[in-house]
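Everything on this sheet refers to the single structure shown next.
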Amino acid sequence: MTQPATAPPVRDHDQPDGAPVSIRPSWPWVAGIIGAGIPAGLLWWFLAPGGMNLLSGKAALASGTNTEGWLPRDLVLAGLFVFAGCLVAVLLSGRKDGGTRRMLVLSVAAGGAAAVLAWQTGVLAGLWLGQPQDTSANASVAFSLRSHTVLVLWPAAVAAGYFALRVISLLGKSEDAAAGQDARQGY
């Protein structure tokens, strides 16, 4: 009985036979995604009620004691996370090595870490730059996040956005193949 043949290792186009397989370093990509959490957290503090309140501009929502500002504060962060996750998905799909499972998993994990970093950066900005708040009645009086489920939106948007882009890409390829087949058949 003969042994099954093994597949040759994957190599780049410009790599000669017998050369070691080079893996593009992914740490700058991951560090860039995680580092994006800092400006996202600062932007959350600038835009959301309870922070600088630049988005609504309503003076009544600026105070943390007004409970009507708590939901918009969480929604601003949710919107920033969905935007950032979709941006990461678009950039990942455009990468040369973006189609690998490894890069997708690293991007989703980095999105999760960036979400936590953004949340903590916004809370820290609220402590340092915001008005002192009496949190004895409720901890959400200070600039904070009430719904921690929002933290899942950045990595979820990366995964869902990447999936949607891959499906659109595959549908475009199948339409091109069908058009080419029709042209060959004379339709």
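For region 110-168, the set of residues classified as assigned to a helix (DSSP H, G or I) and basic (Lys, Arg) consists of Arg166 only. All of (1) at pLDDT 85 or above; (2) among the hydroxyl-bearing types (Ser, Thr, Tyr); (3) farther than 25 Å from Trp29 by Cα hold for Ser56 with one exception: (1). Name the residue that is surrounded by the fewest Cβ atoms within 10 Å (Cβ to Cβ), counting only residues in region 106-146 that are among the aromatic types (Phe, Trp, Tyr) and in contact (Cβ under 8 Å) with a residue 40 or more places away in the chain. The selected residue is Trp119.
Among the residues of region 37-61, the ones that are in a helix (DSSP H, G or I) and buried (at least 19 other Cβ atoms within 10 Å of the Cβ) come to 8 in all. The residues of region 101-142 that are within 21 Å of the chain's Cα centre (by Cα), within 20 Å of Ala78 (Cβ to Cβ) and not hydrophobic (A, V, I, L, M, F, W, C), listed by number, are Ser107, Gly111, Gly112, Gln120, Thr121, Gly122.
Every residue, every condition in (1) touching a residue at least 24 places away in the same chain (Cβ under 8 Å); (2) surrounded by 14 or more Cβ atoms within 10 Å (Cβ to Cβ); (3) touching a Lys or Arg at 6+ places or on another chain (Cβ under 7 Å), yes or no:
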position: Val82; (1), (2), (3): yes, yes, no
position: Leu87; (1), (2), (3): no, yes, no
position: Lys96; (1), (2), (3): yes, no, no
position: Leu104; (1), (2), (3): yes, yes, no
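The selection criterion, being without any contact (Cβ under 8 Å) to a residue 24 or more places away in the chain and either in contact with a His (Cβ under 8 Å, 6 or more places away or on another chain) or among the β-branched types (Val, Ile, Thr) (or both), holds for Thr149.
With respect to the conditions (1) in contact with a Leu (Cβ under 9 Å, 6 or more places away or on another chain); (2) modelled with pLDDT of 90 or more, Ala109 falls short on a single one, namely (1).
The values are calculated or read from the model by the stated rules, or taken from the named source; none is laboratory data. Nothing here was measured: the structure is a model prediction, and the numbers come from that model. Methodologically, a virtual Cβ is constructed for each residue, glycine included, from the backbone with ideal geometry; neighbour enumeration extends over all protein chains shown.
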